[in-house]
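The structure appears below as structure tokens.
A short reminder: the numbers here are calculations on the coordinates, not readings from a lab. A quick note: this is a predicted structure, and the numbers were derived from the prediction, not measured. Quick reminder, even Gly has a Cβ in these numbers, built from the backbone with ideal geometry, and neighbours come from all protein chains shown.
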Ligand code: NA7
């Protein structure tokens, strides 16, 4: 290979969202020369790009934040104002973190990675960004997120629309004045619901184009009193211990009893309590058999159907808003006054299964049954989730094999971290690794990756690669948690169902996170037993660079 780069590092991290920042700090603390390449002009990842009206967290802030173990200073100094922070607050938080930890100087902004090629003779990754800059490093950590490639359906005539058309992940930082506008929102996932409930009272008219209604439950956000702020800080370490012990790193775990272990009255009272509790409680704190017993799940959906019927005045609209799939087989969105929006005279609901879109035209959207005028269309149709951002990096490993080829039939990893053909590449917070409260799940993996790379340095290992047998084993293990559950029939981004042509594969590890961590620890305890490991050869590396 020709053209060595001047930008030589021990480790390159791709992405400076919650996970990339985490990894950058840990890798730098371990004494490596490291840089993080970030496509955006600022940090925060999802919280940098998703600036749409109403963008808000739905994990409790204090469980989503960095732990006191990650940085006691950040944990002590930062103050959350409410249970579920909004996008501006989260963006401010990530900026605060990188400034307190002096990480900004190690991040190159506006640097979208377009190619990452493994160079076998030098045991080096060579990376090129969109602007032509080149970098190289012994190790790469890809931390590009599972919801970062916006998906816009290819509607006939979409280019003919004469007004503003925007995917929610591309909302301009300066905002958009919505007063007096006739707006169409397409999509009623977590994002669409946040947009709809936020803009309904601001626009002249709002038309919602809904393909599949979802089981939205109340966010129950609240602002913190001074006492609560102090309590959240004082309990930070305990909360992190708790989220480290639960199945999906949420503050709640499923109840140990089944739906049928309690009387009908007790069940209704429990469901009502969970409905009134913050955030994802009804999902993360529900009955043990929520996703394994269809009849048990129906107890929840009957309960929620009644809530929709109570809250939406027009029975026909309530019918359209009532889903048919089991609760939580699609990721349940959180809402604040969402259902009441449909009682407003300036809001209309279009149920696409009953009147599909025919085409976009200059001033709106035509369906089989009507025409909906708009001067703005908000596209809240989600993401090429889980694998999309990793496949966009142009990764090429051994023997010219690309990650896109290798994952053609779905992601293949070992422990969500390693992939065969891609030596010294570590995936953080990607497929078959995270589930639930993502940054908290990835925090453990980030800590582990920093320790793993340190061990490789200490033991003089220049190259490490996992076998495809290990991948097969991990895929089978991941699938075992989905087999026999109600998730098997789900139509959801976790299966890739939202992207035309994407192979149907369940792409997340949904087993217990504590088990996942034990498995990672076993790899270190066995000194990468079973991996293909090569020690440094004196001649293999042309440039030996300084340590930090
Ligand atoms: P989601 O959850 O993927 O939701 C996307 C929405 O857009 C959903 O209602 C989709 O309906 C709808 N959609 C997708 N494609 C189309 C087409 N072609 N026509 C009409 N409607 C369509 O994305 P979000 O951004 O809301 O949330 C992503 C995650 O971010 C969320 O799960 C949280 O974890 C945070 P469908 O259900 O596919 O019929």
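Classification of segment 321-397 by its C-alpha gyration tensor yields an oblate form. The axis ratio a/c (a ≥ b ≥ c) is 1.5 or more, and b/c is at least a/b.
The modelled label-to-label distance between residue 354 and residue 295, using points 7 Å beyond Cα along the C-beta direction, is 3.2 nm.
Taking a ≥ b ≥ c as the square roots of the eigenvalues of the Cα gyration tensor of segment 415-466, is the shape rounded (a/c under 1.5), prolate (a/b larger than b/c) or oblate?
oblate
In this structure, residue 371 and residue 459 have a Cβ-Cβ separation that, at R0 = 51 Å, corresponds to a calculated FRET efficiency of about 0.15. Once both labels are positioned 7 Å from their Cα atoms along Cα-to-Cβ, the gap between residue 242 and residue 362 label points is 5.9 nm.
Scoring 318-326, 267-275 by mean Cβ neighbours within 10 Å over their residues and listing the highest first yields 318-326, 267-275. Once a ≥ b ≥ c are taken as the square roots of the eigenvalues of the Cα gyration tensor of segment 95-254, is the result rounded (a/c under 1.5), prolate (a/b larger than b/c) or oblate (a/b not larger than b/c)? Because a/c hits 1.5 or more and a/b fails to exceed b/c, segment 95-254 counts as oblate.
Just order 298-305, 526-533, 54-61 by mean Cβ neighbour count inside 10 Å, highest at the front, would you?
54-61, 298-305, 526-533
Taking every C-alpha pair closer than 8 Å and separated by at least 6 residues, the mean separation divided by the residue count of segment 479-536 gives a relative contact order of 23 percent.
Residue separation of residue 306 and residue 503 scaled by 0.36 nm, minus their Cα-Cα distance, works out to 67.3 nm of gained length. Taking the C-alpha atoms only, the angle from helix 264-276 to the longest principal axis of the chain is near 70 degrees. Using 0.36 nm per residue and subtracting the Cα-Cα separation, the extra length available between residue 227 and residue 77 on full extension is 52.4 nm. Per residue, the chain reaches -9000 deg cm²/dmol at 222 nm when only DSSP H runs of four or more residues are counted, each adding -39500 (n - 2.57).
Here the extension length gained between residue 404 and residue 120 equals 100.3 nm, from 0.36 nm per residue of separation less the Cα-Cα distance. Packing around the peptides 172-185, 283-296, taken as the average count of other Cβ atoms within 10 Å per residue, puts them in this order, highest first: 283-296, 172-185. Size estimate for the chain follows the Kirkwood approach: the inverse of mean 1/r over distinct Cα pairs works out to 24.6 Å.
Between segment 511-533 and segment 290-356, what is the C-alpha centre distance in whole Å? If you average the Cα positions of each part, the centres end up 42 Å apart.
Taking 7 Å steps out from each Cα toward its Cβ at residue 272 and residue 319 produces label points 2.9 nm apart.
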